[in-house]
Amino acid sequence: MGIPVDVISLYRKACEHDTALSGYYNRNVRVESDDGPVMVRVPSAGAETMDLAIWPEAALLDAIGPHVPSAPRLMHANIDPPFQIQEFVEGALLDDAHPAGAALPDAVLDDIAAFFSQLLAVPVGELPAAPSDWPKDGDTASFAELLLRLVRSIRDRGDQSTARLYRDLGVPEDPCGLLARRVTGLSTRPFRLLHADIHRKNVILGADRTVFLDWELALCGDPVYDLADHLHKMSYLPAEDERITAAWAQVAPPECRAGWEEDLRFYRAYERMKSAVVDTVRWARLIALAAEPQERRAYAVELADKLDAARPCWIPASDTVLTPDDIERAVDRWSATGGTG
């Protein structure tokens with residue numbers, strides 16, 4: 001059976017759009033169909049892998065539809081060419097309505113807590129099959145090892161100039177050394193569905209419901225990691241951070257809370273360390289390509305903060321704090337050797 005002509009027409013319209021709400025791995029384009037607006041989701045070409053991913057997003061959305069009303073509804077999935085058509089959710093992005101640093105309304109915090117409750121309640125047996133080498137249910141140590149292995153692979157990528165940039169900025173060859181010592185001490189918890197990318201640009205405040213977007217990085221793993229990843233990416237105000245943490249503990253079943261507070265600290269340290277490794281190159285590109293000195297300095301300050309937050313996670317420990325000037329000079333050396341890639 002062929003692909004419906006109207007579906008291909010929507011895809012072609014999406015490809016013709018110059019503007020789109022683009023994430024790192026996908027372009028999202030609002031397109032008008034005969035029945036109203038839809039969201040056409042097309043993979044971004046050449047996106048370098050920076051995260052774990054185990055399922056086709058469409059297969060996951062199809063599986064969780066009956067269990068997670070806060071996920072967007074999948075309307076069509078195509079293999080060749082690859083694209084999805086999802087419901088278009090009218091509303092404001094959380095990042096636009098309430099950016100980092102602004103207090104969130106109680107209703108939004110309640111919706112986030114309810115979303116975690118939905119995730120924790122999804123029957124694992126109804127999820128798509130995980131890869132054959134994926135950690136067995138409850139093997140939190142092996143799950144954490146996968147996370148560390150990912151960061152090590154990112155650190156090892158690139159040419160000699162990128163390796164020098166990492167050295168100049170104090171990122172050790174094995175940025176996971178200290179955390180690796182703590183993996184075997186993680187408590188055993190049953191695996192659950194993880195969104196693994198809940199941040200302000202992936203939440204839409206709709207008229208009748210809050211919707212959580214972008215499921216391409218969803219995993220089956222340690223539910224405490226999902227909380228840590230979310231807290232890191234949301235940059236909550238301190239009281240909000242405490243409230244969401246307490247709300248998660250309230251909705252999580254007892255078996256998912258075994259040793260969770262200590263392990264939450266482990267995963268939050270991991271997120272700081274991963275952010276520094278990934279963003280060293282991302283932010284170096286932004287600094288090198290910045291059009292104005294103040295823009296360049298702002299990115300350098302941000303990268304300095306990321307590196308400073310990660311430093312306690314590294315071996316050998318260092319008391320050296322890089323200034324924005326240090327970072328700009330290191331980026332200049334990197335870009336002079338073709339490092340902007």
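Derivation of every value follows stated rules applied to the coordinates shown; laboratory data play no part. Bear in mind the structure is a predicted one, so any value in this text is a computation, not a measurement. Cβ sites come from the backbone with ideal geometry, for glycine too, and all protein chains shown count toward neighbours.
Working from label points 7 Å from Cα in the Cα-to-Cβ sense, the residue 181 to residue 294 distance is 4.5 nm. Computed from phi, the 3J(HN,Hα) profile of region 293-299 under the Karplus parametrisation 6.51, -1.76, 1.60 (θ = phi - 60°) reads x, 5, 5, 4, 5, 4, 5 Hz, with x in place of Gly and Pro. From the Cα gyration tensor of region 14-136, with a ≥ b ≥ c the square roots of its eigenvalues, which class applies: rounded if a/c is under 1.5, or else prolate if a/b is larger than b/c, or else oblate? Taking the square roots of the gyration eigenvalues as a ≥ b ≥ c, region 14-136 is rounded.
Cross-link list 136/201; 201/306; 233/306: which exceed 24 angstrom alpha carbon to alpha carbon? With Cα atoms farther than 24 Å apart: 136/201. Taking 7 Å steps out from each Cα toward its Cβ at residue 106 and residue 17 produces label points 3.7 nm apart.
The length gained on full extension between residue 142 and residue 114, counted as 0.36 nm times the residue separation minus their Cα-Cα distance, comes to 7.2 nm.
What separates the Cα centres of region 24-74 and region 290-341 is a distance of 34 Å. Taken about its Cα centre, region 94-336 carries a charge dipole of roughly 640 debye when the Cβ of each Lys and Arg holds +1 and the Cβ of each Asp and Glu holds -1. Taking every C-alpha pair closer than 8 Å and separated by at least 6 residues, the mean separation divided by the residue count of region 63-149 gives a relative contact order of 30 percent. Taking the helices alone, the chain has a mean residue ellipticity at 222 nm of -14500 deg cm²/dmol, built from -39,500 (n - 2.57) per DSSP H run of at least 4 residues and averaged over all its residues. Stretching residue 164 away from residue 337 to a fully extended chain increases their span by 61.2 nm, per 0.36 nm per residue minus the current alpha-carbon distance. Placing a pseudo-label 7 Å from each Cα along the Cα-to-Cβ vector at residue 241 and residue 174 gives an inter-label distance of 2.9 nm. Quick one: if the Förster radius is 35 Å, what FRET efficiency do residue 35 and residue 95 give, using the C-beta to C-beta distance and rounding to 0.05? The formula returns an efficiency of 0.80 here. Say R0 is 30 Å: what FRET efficiency, to the nearest 0.05, do residue 321 and residue 47 get from their beta-carbon distance? Computed FRET efficiency for residue 321 and residue 47: 0.40. The HN-Hα couplings worked out from phi for region 104-109 by the Karplus form 6.51 cos²θ - 1.76 cosθ + 1.60 (θ = phi - 60°) are 8, x, 4, 4, 5, 4 Hz, whole numbers, x standing for Gly and Pro.
Taking a ≥ b ≥ c as the square roots of the eigenvalues of the Cα gyration tensor, the chain is classed as oblate, since a/c reaches at least 1.5 and a/b does not exceed b/c. In order along region 251-259, the Karplus-derived 3J(HN,Hα) couplings, from 6.51 cos²θ - 1.76 cosθ + 1.60 at θ = phi - 60°, round to 8, 6, x, x, 5, 8, 9, 4, x Hz, and Gly and Pro are given as x.
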